[in-house]
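Below is one structure, written out as structure tokens; comments come after it.
The values are calculated or read from the model by the stated rules, or taken from the named source; none is laboratory data. If you're wondering where the values come from, they're calculated on a predicted model, not measured in any experiment. Here Cβ is always computed from backbone atoms with ideal geometry, including for glycine, and neighbour counts include all displayed protein chains. All accessible areas refer to the heavy atoms of the entire protein, side chains included, with ligands and DNA or RNA removed. Shrake-Rupley method; radii C 1.70, N 1.55, O 1.52, S 1.80 Å.
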Amino acid sequence: LLGIESAPSNESKSKEESALRSKAQEALTALFVTEIQKQIGMDRYKTADNVPVPISLEDIAKCTDAVETTIIPPTARETYVSTDIWTPSDCISEIASCFVEVAANASPPNPTQPLPEFDKDDDVAMRFVTAASNLRSYVFSIEPLQSLYSAKGIAGNIIPAIATTNAIVAGLQVLQSFHILRAQLNTA
């Protein structure tokens, strides 16, 4: 998974974690620095009220460095509460932690097996989504930021909201079809 072979020994696990954190650093840099700078350079946001501000490369490096990481992911802290709002550094370290955790629990790739689906009850998925969405909110100055608890509540309401909206639209389409049929019958 993520292009890193699994390894049984502690030294190999440490190397694997370091490689995964490096991959996380590359992904975060590509998404929250390089892409934002490219879009700004293309004047994509010249009419925007708030021009996005890329995440600092120093923050990304500090939070993803396996050896010198002083920032513990928020969910690994003893004082963690699920209603806490994460700082950008917290979000970066949480994403790096999710990379490592997913790779550690991954089974060997099987091309015939479908990828797992998103599940709001999957702790790693929700931590990743919360951290990534909050980083995006920091970059684009979007308020309010969401806690893990809030993000889980929002994710739990998306599917029922879509189903309800689809049912309402389908009902309106049927009613409109009756109006069209009635009009055609009256003119015949």
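Here are a few things to note about the model shown:
- Taking Lys and Arg as +1 and Asp and Glu as -1, the other residues whose beta-carbon sits under 14 Å from that of residue 150 total +1.
- Residue of 88, 108, 54 that the Gaussian network model of the chain assigns the largest fluctuation, springs spanning Cα pairs under 10 Å: 108
- Semi-axes of the equivalent ellipsoid for the stretch 87-134, Cα gyration tensor, largest first, Å: 23, 13, 8
- Its relative contact order, with pairs defined as Cα atoms under 8 Å and 6+ residues apart, puts the chain at 22 percent.
- Heavy-atom accessible area with a 1.4 Å probe sorts 43, 65, largest first, into 43, 65.
- Within the chain, the selection of entire DSSP H helices by a Cα span of 20 Å or greater along the long axis and an average Kyte-Doolittle value of at least -1.0 returns 88-105, 123-140, 148-187.
- For the pair the stretch 20-46 and the stretch 102-174, the centres of their Cα atoms are 22 angstrom apart.
- Dipole moment magnitude, nearest 20 debye, the chain about Cα centre, only Lys, Arg, Asp, Glu C-beta charged: 780
- Considering only the Cα atoms of the stretch 130-177, their convex hull presents on average a projected area of 4.5 nm².
- Mean residue ellipticity (222 nm) of the chain, computed from DSSP H runs ≥ 4 via -39,500 (n - 2.57), nearest 500: -20000 deg cm²/dmol
- Surface composition of the chain: carbon plus sulfur atoms contribute 58% of the solvent-accessible area (1.4 Å probe, protein chains only, all chains present).
- Build a GNM of the chain with springs between Cα atoms under 10 Å apart, and of 137, 14, 107 the one that fluctuates most is 107.
- In summary, the convex hull built on the alpha carbon positions of the stretch 40-181 has an orientation-averaged projected area of 14.8 nm².
- For the chain, the number of Lys pairs with C-alpha atoms closer than 28 Å, counting only pairs eight or more positions apart or on separate chains, is 12.
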